[in-house]
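Inspection log for the structure reproduced underneath, given as structure tokens.
The values are calculated or read from the model by the stated rules, or taken from the named source; none is laboratory data. Only a predicted model underlies this, so the values are computations on that prediction, with no experimental measurement involved. Here the Cβ positions follow ideal geometry from the backbone for every residue, glycine too, while neighbour counts run over all protein chains shown.
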Amino acid sequence: MTVLIGRKVSPQLGSTDYQRITVTRYAGALGAVIDGVDLAQELDDATIAEIRRALIDHLVVFFRGQDMTCEQHLAFARRFGTLNQHDQVKGMDAYPDIIEVRQEPSDTRNFGGAWHGDVTYLPEPPLGSILYAKEVPPVGGDTLWANLYLAYEDLSPGYRAMIDRLTVIHTPALIYGTKSMDWSKDSSVKSAPTEAAHYEVEHPLVRVHPESGRRLFYVSGAYTPRFKDMTEEESAPLIDYLMYQATREPFTCRWRWQAGDVAFWDNRATLHYALNDYHGHRRVMHRVTINGERPVGIG
Ligand code: SIN
């Protein structure tokens, strides 16, 4: 494995000029904690605008000690866009726009237990997700995020030139298709293998973030098996390297959950990973996902 030497992670500094909320950086690469806001309340436009700015600056923002109903969770998410209903995982009966990420003590497979972005295989992948911790294990069950801007910017100019105009295939097939593991056997996630998951979408590998204007490479674990007009075997060395680069420790942060915590991430510029290290305990999270836009490449 080649490790690039002598490169420094440039921290996400962002703006400190907030009037309505307090924003405190959480880790060197990405993440900030927002204080001074109760997500159960109807927030004014200025507060929502500051939360959005903090999200764009820090890529994942955390709120502690929240107490929201499902309606309040949905109402907060709707302030940032229309909501996404997962095409492969059934939402809650009464709230189809909320996925209950539930792991029971006897479950062996967890949801999100590999580096990925949420449903990046959609033609218009999500802007972000808002994950609310309802019940957490005594230890374990942390979530990690990775900063895709830093991963791209850290590549050598030669490597960037090589990948800048590639097109990558995104598909749910490997996770939700007929050859995937049957979720219902070893997990509480409501999904079953289906033919309908065998579709493919083309996205520019290097996309320009619609709000920050920064570049990043848009790989997403098992959702990105190959490049356009290439086989999986031919694509694997580059995709494996990009996944390795994206998730190198200096580009990540890790959150230790307490019940009542909320994480809101920019799904256009991050990957995340839910650790499955709490067997024998229950973990229940509610996830609401906000629709995004068609990714735009460098042109
Ligand atoms: C997910 O991938 O959305 C789930 C993350 C988590 O449960 O920590």
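Assorted remarks:
- All of (1) within 16 Å of the ligand (Cβ to nearest atom); (2) over 26 Å from Ile56 (Cα atoms) hold for Ala236 with one exception: (1).
- Looking at Pro250, Pro237, Pro210, just one residue is of a type outside the set (Gly, Ala, Ser) and without any contact (Cβ under 8 Å) to a residue 24 or more places away in the chain, and that residue is Pro237.
- The condition (being closer than 24 Å to Ala54 by Cβ and either modelled with pLDDT of 95 or more or not in a loop (DSSP other than H, G, I, E, B) (or both)) is satisfied by just one residue among Pro210, Pro237: Pro210.
- Residue count for segment 70-91, restricted to those that are in a loop (DSSP other than H, G, I, E, B) and farther than 28 Å from Ala192 by Cα: 3
- Residue within segment 98-111 that is at pLDDT below 95 and small (Gly, Ala, Ser) present: yes
- Being within 16 Å of the ligand (Cβ to nearest atom) and farther than 21 Å from Ile99 by Cβ is a property that Val139 has.
- Where Leu174 falls short, out of the listed (1) more than 10 Å from the ligand (Cβ to nearest atom); (2) assigned to a loop (DSSP other than H, G, I, E, B); (3) among the aliphatic types (A, V, I, L, M): (2)
- Looking across segment 256-275, just one residue is surrounded by fewer than 19 Cβ atoms within 10 Å (Cβ to Cβ) and touching a Ser or Thr at 6+ places or on another chain (Cβ under 8 Å), and that is Leu275.
- When Ser180, Ser188 are screened for being in a loop (DSSP other than H, G, I, E, B), in contact (Cβ under 8 Å) with a residue 24 or more places away in the chain and polar (S, T, N, Q), only Ser188 passes.
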